Every structure is written in structure tokens, then in C-alpha cells.
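K.L.:
Just passing along the structure, written as C-alpha cells.
Any read-out appearing in this document is the output of simple, stated calculations on the displayed coordinates, not a laboratory observation. Every value quoted in this text rests on a predicted model; they were computed, and no experiment measured them. In this analysis, Cβ positions are derived from the backbone assuming ideal geometry, glycine residues included, and neighbour counts consider all displayed protein chains.
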Amino acid sequence: MSSDNDIPMPRRWSAWQAIALYVTAMTCLLTLLILLVAVGQNAGSWLYDWRHKVLVLSCGWLLVALAGLLALVHYLRLRKTEAELLRSERRLWHINRSLQAELRIAAMAFETHLGMFITDARGRIQKVNRTFEAITGYRESEVLGCNPRMLNSGRHPPEFYREMWQHIHDEGSWQGELWNRRKNGDTYPQRLTISAVTDDAGEVTHYVATLSDITTRKAAEQEAYRLAYYDPLTGLPNRRMMLDRIGHALEAYARTQQQGAVLFIDLDGFKHVNDSLGHQQGDDVLQLVARRFEEAGHDGDLVARIGGDEFVILVEALGEDLEMASQAAERKANKLLAALAEPFRVGEQRHPVSGSIGITLLGDGTESVEECLQQAEMAMYQAKQAGRNTLRFFDPVMQAVAVRRAMLESDLRQAVAHDQLHLFYQVQVDEAERVMGVEALLRWQHPEHGMVPPGDFIPVAEESYLIVSIGRWVLETACRQLAAWAARAETSGMTMAVNISPHQFQQPDFVAEVEAVLEETQAPPERLKLELTETLFLEEPEIARATMLRLKTLGVRFSLDDFGTGYSSLSYLNRLPLDQLKIDQSFVRPLFEDSANEVISASIIQLGRNLGLEVIAEGVETEAHREWLAGQGCDAYQGYLFSRPLPLDDLETLLETSACTTGR
């Protein structure tokens, strides 16, 4: 290792050595002069003129001394200058060595494990290192003069880059994570630092960037996150994530008043599955349960396994109304129970599994995350005590509603077998007030509660899909009666309108079912009128149209019920094989209370006439209603003005005593 001694230095005298030399020289010179003067003279002559000689010698000595002194001063100045030059030379040597060292360090730093590139003030790449080439796949020759935006992945919006460069402009540098693209097109996460280099005037001359591929680190972070927040067996979120999300949901409720619900599910008798089949097959069943719960949920639902055979589902954005939210949560719970109804196949065996569900609403007095989960768990235990494979609400009021609905569903399942369901009929008349047909209306005579309003049990039947089997019974019963009327001359021309649920209509075998009923009952298909609602055409309208066309070939007619209250597009109206439009009673009963009802009713009548469809109005209760509708061109009427819904015996009496029955 070199040092200052490596520099060759000439031998130099110090100032004191120079002064000593000078004094010695002067002394020798003076002695020499005295000797020169004294040589050749006798003592008498020398002493005779000694004063004069001393004076002369002294003056000469002084002159010589002065000249020597001047020479000495000049020498000392040269010595000082030489010393300063030497010091400068040493400083320059040290500076040179430092610069060389810095260049070596800079070169070593540039070829580091971090990718680096340097651009000019306009952002054109001037230099990259080997790590940059390894990370991006680009050689230096391929990127020189290019702008780094060639590496953009396209994952970030323009605002991201504007904010980044604004930060560089304000602070002089920026660092963060972003996604970039390699030469082969792969995108990858990257840690990037950009620093601006300025001159003495503060103007940017270059930008220096360092980058690193953080794919491995991101993967490690994701794995750590997965282990912390996900169940390793099912892949579902775990208890920790669920608690975190419930906390966010409670905060959201405080801001927006949007209701949410927590559903706590415990599988019934799962310990027996583990004990009889072994833990491996038990784990397989849990994985299958997890998949079914995910399929039963919506995109916004969080399905979690919090331990053992316990699952929790968080449902958000159920609206601000508490009762509507509770009904939505109940529908969700019933959907989950239905998902468990099909036995699980593991290997060659099928294993039946059921569950008990406890429900609590986020906006129903819950203040903490743990409290919310505890309430749902308590409700789950109530469901267990109620016989399992059912649901319970924590809130007493909602619980009472849910219990009543559950009782209705349970009793409704027995209603058909115990002859508790009946058909009532409401007459439909033409412009001459002649009975042209009837609408079959379902009624439930409960042995304990009496006549149950249709508004109470029809929604329960729809949500539980009992409407499919009940609808089949209604269709068969109505067709038997239609065949009986067809055999009598005075009633042979009467039509029978039957309401068809969307669930029933969408069954794959519905057309075959109608054909079988017509063949079995011998009812005239041209007198059977199926009433469909607009909601049927919201999803898969082409399939619905195809089904109608197949039924049309049998001779069956169609009426569009509750027209004007749904959301179907009018563009489908002229494509459907309809025979009749039905003005909903919500427009007819308050006909004169709001001019809008008159406008809507008149528009429906005009639309039907333009499309060649018969128009019937329901809810006609006064003569004024009938006269106004007749004035608009309405073809048929149904309502209390002519008859309330009647049981078959009372209807027969009405038809016998009425002279206005048509026999067409």
C-alpha cells in the first residue's frame, strides 16, 4: 500500500541550518580579510593605520554581510515557496488517489446486485448495469437512448406516474413498488428508487435509478399472509380474517346504515363422520362443504372456516330496512341448508350432512366484533336445540318472524297430503258482463289458524321451492274442473286461468308435465290460460319464449299477469306468443285517485289493441271503473263488482243462477 514516502523528495536544509551556514561564512570571510590585510605588514605599520583599516574592513564586512543577508532572505522565500509547492503536490496526489478510489468504488457499486440505469435530463437511458440486463432481459445496446417507459407493465394508471414524477420534482427522489414488464412480456413486482442529479445551478442533469425484482419477496409475503389469514385445509378465510372483516362491516354500517348479517354454521353430527370414516375422509367432507358454501354465496359474501366443523358467512349490503335485511339473511341461510341437503360423495360412499345456522344482524345492537360472533353462535345453539337442520335469529323479534315462517313452511309441506289446499275461483266477464271464464286462486285452510292469507304463505312456498309441487297440484286440479265444465253445454266455453310460478315454469319437464295433465284430465287445451308474470322474462328470455312456443303447439293460451308492474323490456312483448294482457289491480282500484293510473291503464289498453291482444282488467270494484275501462276499449273485467273469489260450490250456484254465462 503506497504512502507519502512513495513521492521522491530532494534533500533540503532547514532555515536554522541556512542561518548557521551564513554566520560561519561571514566569520570566515572577516577572518580572511584580516589575514589578507595583516600579511606582509609589520606590526608597527599595521598598528599605525589601524583605525582607518578597521573602518574600511568593517564597511566591507557590512556590505558583504548585507549581500549575504539578502541572499539568505531570498533563499528562505524560495524555501517557503518550494514547501508550498510540495504541499500542493501532495494534496494533488491525494486527490488523484481519492478520485481513483471513488471511481473504483463507483464501478463496483454500479455492478451490484441491484439493477441500475442512468438517464439524461430528458429521460433517455445512457448507461445500465449487468443486473439491469439480467432483471429486464434487455441488453444495454437495446435500451440506450430509449425512455424507461418501455418497461411499463400497463397495470398502473397515468395518475400513478404523474404523482411519482411530481414527487421527484418536489423532493428530488422517489421510491416505491410497482409492476414492470420484462423483454419476454412477463410482468413482475419491482422495488424502484429514482434520484435526480443536479448541477451547481440546481438544474437536473441526470436521473439515477436502482431497481430490484421482488417477486420472491412478494411470494413470501403472500404465503405468510395466507398462513395468517386462511385455513390450510379448505383454503377459506380463517377466524382472524373473519373478525377483521366483521370489524370493517360494523364501521361501514355506522357510516351508511347498510345492514349486514353474520351466519354461524355448525355441521350436525360431524363427530360421527370423523369417528366412523376417519379424519382423512372427514377432511374431504369439510372441503366439499366449503366448496358448496362458496357456490351458494355471492361475490361479496365472505365464507370462512373458523375451526373444526364451524363455518361463518358474512353477508353485507342488505339494505337499510331491518326487516328486509332479516328476510334476505333468512333466504341466504335456507340456501346454505339446501346446499347441504344433497349427500356428499367421498370415494364410493355418500354421506348425508346437515347444519344448524345462527344469524345475527350487524345493525341490530351489536357493538363489537366478538359480541357479534357470540350472538350468532348463541343463535346457532338455539337452532341445535330446535331439532337441528334449521336456523334461528338472535334478535327476539326477528326470531319470532323466522319461527313463524319456519312453522308455515313445515305446515305447508303437509298441506297437500292433508287436503288443506283448495282452489277458489273468481269470474272473468266480457264487455256484456257475461261470464267468459274464471281464474283459479290458491287458498290454504289451516286446521289451527284458519284461512291463511295468500300473501303470507305464497312467498314462503316460493322461497322454499314448495311452489313447484304445489303448482303441479293446482294445475292438475284446475284442469280436472275445466274438463268437467267442458262436458256441460252451459259452461263448455269457459276458460280457466292458472297462475304459474317462475320456479315451476323453469322446470326442465314443465312442458311434458302440462301435456301429461291435459292428456290425463282431457281438459281442452284451448280453454286453458296460463298466467305468467314479467319477472319470468328477466333472465333467459329466449328460453322462456321457446318454452311458450312448445306449449303453444298444444293449444294452450297465455296471459301476461300484473302487466306494468315488472321490469321486462317491451322489446320482448311482440316476440312472445301472448293472447292477453292483464292490467294489474294496483292501477285499477285507485283509478280515479291519481291521473297517472288512468294514463297507464289507457296506455296498456291501447298497446294491447295495437298488438292484437285481448286486454283484461282486474280489481274492478265499481261501475265507474267498468264504464271508464269500457270507454277506453277494454275487452274483459275481473273484480269484486262481479264476484269475489268463491269456492267451487258457491261458484256453481252463481253460474246456475246467472243468465250471463257464455257457452261459447
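K.L.:
Between residue 87 and residue 186, what FRET efficiency comes out of the Förster formula 1/(1 + (r/R0)^6) with R0 = 60 Å and r the beta carbon distance, rounded to 0.05?
P.N.:
Computed FRET efficiency for residue 186 and residue 87 comes out at 0.50.
K.L.:
Further question: For the pair residue 283/residue 535, report the inter-label distance in nm, with labels modelled 7 Å from Cα in the Cβ direction.
P.N.:
The modelled label-to-label distance comes out at 4.4 nm.
K.L.:
Which of the aspartates and glutamates could be linked to residue 183 by a straight reach, that is with a Cα gap under 15 Å, when you skip same-chain ones fewer than 8 residues away?
P.N.:
In chain and number order, the partners are 133, 140, 142, 213.
K.L.:
Roughly how many whole Å is it from the C-alpha centroid of region 287-358 to that of region 500-520?
P.N.:
Here the answer is 30 Å between Cα centres.
K.L.:
Given labels modelled 7 Å from the Cα in the Cβ direction, how far is it in nm from residue 201 to residue 484?
P.N.:
Result for the modelled spin labels: 10.7 nm.
K.L.:
For residue 332, list the lysines whose Cα falls under 19 Å from its own Cα; do not include residues on the same chain fewer than 8 positions away.
P.N.:
Partners within reach: 384.
K.L.:
So, one more: Please give me, ordered by residue number, the GluC sites (Glu not before Pro) of region 500-572 that lie in loop per DSSP and have at most 12 other Cβ atoms within 10 Å.
P.N.:
Hits after loop and neighbour filter: 539.
K.L.:
Could you tell me the ratio Rg/Rh of region 487-645? Both radii from Cα atoms, Rh via Kirkwood.
P.N.:
Here Rg/Rh amounts to 0.98.
K.L.:
Next question, about the same structure. Report the gain in length on full extension from residue 77 to residue 222: 0.36 nm times residue separation, minus Cα-Cα distance, nm rounded to one decimal.
P.N.:
Working: separation 145, 0.36 × 145 = 52.20 nm, distance 7.58 nm.
Contour length minus Cα-Cα distance gives 44.6 nm.
K.L.:
Using θ = phi - 60° and the Karplus curve 6.51 cos²θ - 1.76 cosθ + 1.60, what whole-Hz ³J(HN,Hα) does each residue of region 123-131 get, with Gly and Pro shown as x?
P.N.:
For region 123-131, the Karplus-derived couplings read x, 8, 5, 10, 7, 9, 9, 5, 5 Hz, x marking Gly and Pro.
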